[in-house]
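Notes follow once the structure below has been shown.
The values are calculated or read from the model by the stated rules, or taken from the named source; none is laboratory data. None of these values were measured; they are calculated from a predicted model. Cβ placement follows ideal geometry from the backbone for every residue including glycine, while neighbour counts extend to all protein chains displayed. SASA here: full protein model, heavy atoms, side chains in, ligands and nucleic acids out. Shrake-Rupley method; radii C 1.70, N 1.55, O 1.52, S 1.80 Å.
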Amino acid sequence: MSDVPKSHPRYLSLTLRDAIVNGVEQGITSIHGLIAHGRGEAYDYLIGEKTQPFAKEAIRAAAAMLCSAKHPVISVNGNVAALAPNDLIELGQVLKAPLEVNIFHTESGREQKIREHLIKHGASKVLMPTTEVKLSYIDSNRKYVHPDGIYKADVVFVPLEDGDRCEALRKMDKDVVTVDLNPMSRTAKQASVTIVDNVVRALPLLCKEIKTFSDNPAAQETLAAYSNEAVLQEALQHISRCANG
Ligand code: PTJ
């Protein structure tokens, strides 16, 4: 870790940079992940680096959707593995859902390193991509999935995504829950539920919300009342209000 003092006004943001840099150094995070992280930081700055009401609304809908799923799966890429391994594992435990490694940038051994990293943090079941089954409508490395994981899933949790796979999953009639600080991204627009928040803040809140939703018929009501388009509009309006003073 770097020697940033705790008293530094941007301490938290700087520790997240450290986590991503460590991820790259350990071979978990793609070097491209640094650029993705920088883009996320910029949007986090614009939303005030806090979980805003539009994100809280999406977290409630995400909890409802994941709790109602028959076969939820948590997709893990190199950025989220470096930033929030413990929260991913907790999410898997509260949902009784498997984690599945799925990365965009093909690099030798990185998928295995992500798996080992999650196991080191306490994960018991981590599915790996296979060539047995493939997602339709997508050409990148993300098409390789596990038959008992993303391939079979009815709801897939895909934080920090790059767009193409979200579109493919939706075309395959799967629901997608994402966390993306950019409310204008293709993923944000195409997902069923988009939490516009930093994944490190959103994941603990999502786990907490899921615990309150278990066996709760209110989940269906929450979902029926939810509009992802409206939530994204609220996020954009918030950014524009902040930008104008
Ligand atoms: O490990 P891989 O190969 O699967 O690659 C992972 C990355 C993230 C590099 C890959 O999926 C990618 O290139 O993603 P994009 O297209 O840059 O999109 C990532 C999105 O996540 C962007 O819209 C960012 O604003 C957003 N983002 C970045 N950091 C965070 C974030 N959203 C929430 N929390 C963050 N900490």
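Taken over segment 62-84, residues that are in contact with a Phe, Trp or Tyr (Cβ under 8 Å, 6 or more places away or on another chain), more than 19 Å from CYS166 (Cβ to Cβ) and not aliphatic (A, V, I, L, M) amount to 1. Residues that are open to solvent by 20 Å² or more (accessible area, probe 1.4 Å), aliphatic (A, V, I, L, M) and within 16 Å of the ligand (Cβ to nearest atom) within segment 222-238 comprise just one, LEU236.
Please specify each residue of segment 85-131 satisfying the condition of being β-branched (Val, Ile, Thr), under 20 Å from ASP162 (Cβ atoms) and either touching an Asp or Glu at 6+ places or on another chain (Cβ under 7 Å) or outside any loop (DSSP other than H, G, I, E, B) (or both).
Within segment 85-131, the first condition is being β-branched (Val, Ile, Thr), and the residues that meet it are 89, 94, 101, 103, 106, 114, 119, 126, 130-131.
If we keep only those that are under 20 Å from ASP162 (Cβ atoms) too, we end up with 101, 103, 106, 114.
Once the filter is applied, which keeps residues that are β-branched (Val, Ile, Thr), under 20 Å from ASP162 (Cβ atoms) and either touching an Asp or Glu at 6+ places or on another chain (Cβ under 7 Å) or outside any loop (DSSP other than H, G, I, E, B) (or both), segment 85-131 yields VAL101, ILE103, ILE114.
Of everything in segment 189-221 that's of a type in the set (S, T, N, Q) and surrounded by fewer than 20 Cβ atoms within 10 Å (Cβ to Cβ), which residue is nearest to the ligand (Cβ to nearest atom)? Explain how you work it out, then say what you get.
We begin by selecting, within segment 189-221, every residue of a type in the set (S, T, N, Q); these are 190, 192, 194, 198, 212, 214, 216, 220.
Next, only the ones that are surrounded by fewer than 20 Cβ atoms within 10 Å (Cβ to Cβ) stay: 212, 214, 216, 220.
On the way: THR212: 23, SER214: 25, ASN216: 27, GLN220: 27 Å.
The qualifying residue nearest to the ligand (Cβ to nearest atom) is THR212.
Looking at ALA153, ALA191, which is the one that is in contact with a His (Cβ under 7 Å, 6 or more places away or on another chain) and at pLDDT 95 or above? Steps first, please.
Details: ALA191 fails: in contact with a His (Cβ under 7 Å, 6 or more places away or on another chain).
The match here is ALA153.
Each residue in segment 161-180 was checked for being in a loop (DSSP other than H, G, I, E, B), crowded, with 24+ Cβ neighbours inside 10 Å and at pLDDT below 95, and 1 of them qualify. Residue-level check: of (1) open to solvent by 20 Å² or more (accessible area, probe 1.4 Å); (2) within 21 Å of ASP173 (Cβ to Cβ); (3) among the basic types (Lys, Arg), LYS120 misses just (2).
Of the residues that make up segment 98-121, is at least one touching a residue at least 24 places away in the same chain (Cβ under 8 Å), away from the ligand (no atom under 16 Å from the Cβ) and among the aliphatic types (A, V, I, L, M)? No.
Scan segment 56-84 for residues that are open to solvent by less than 10 Å² (accessible area, probe 1.4 Å) and assigned to a helix (DSSP H, G or I) and the total you get is 10. Considering (1) open to solvent by 50 Å² or more (accessible area, probe 1.4 Å); (2) more than 23 Å from ALA42 (Cβ to Cβ), the lone condition that HIS146 does not fulfil carries the number (1).
Can you pull out the residues in segment 165-182 that are touching a strand residue (DSSP E or B) at 6+ places or on another chain (Cβ under 7 Å) and not basic (Lys, Arg)?
To start, the set of residues in segment 165-182 that are touching a strand residue (DSSP E or B) at 6+ places or on another chain (Cβ under 7 Å) comprises 166, 169-170, 174-180.
Within segment 165-182, CYS166, LEU169, ASP175, VAL176, VAL177, THR178, VAL179, ASP180 meet the criteria.
Every condition in (1) open to solvent by less than 40 Å² (accessible area, probe 1.4 Å); (2) out of contact with any helix residue (DSSP H, G or I) (no Cβ under 7 Å at 6 or more places or on another chain); (3) within 12 Å of the ligand (Cβ to nearest atom); (4) not hydrophobic (A, V, I, L, M, F, W, C) holds for GLY92 except the one numbered (3). Taking ILE35 as the residue in question, decide whether it is within 13 Å of the ligand (Cβ to nearest atom), surrounded by fewer than 15 Cβ atoms within 10 Å (Cβ to Cβ) and farther than 16 Å from THR194 by Cβ. Yes: the conditions hold for ILE35. A single member of THR194, THR187 is assigned to a strand (DSSP E or B) and either over 19 Å from LYS96 (Cβ atoms) or touching a residue at least 60 places away in the same chain (Cβ under 8 Å) (or both), and it is THR194.
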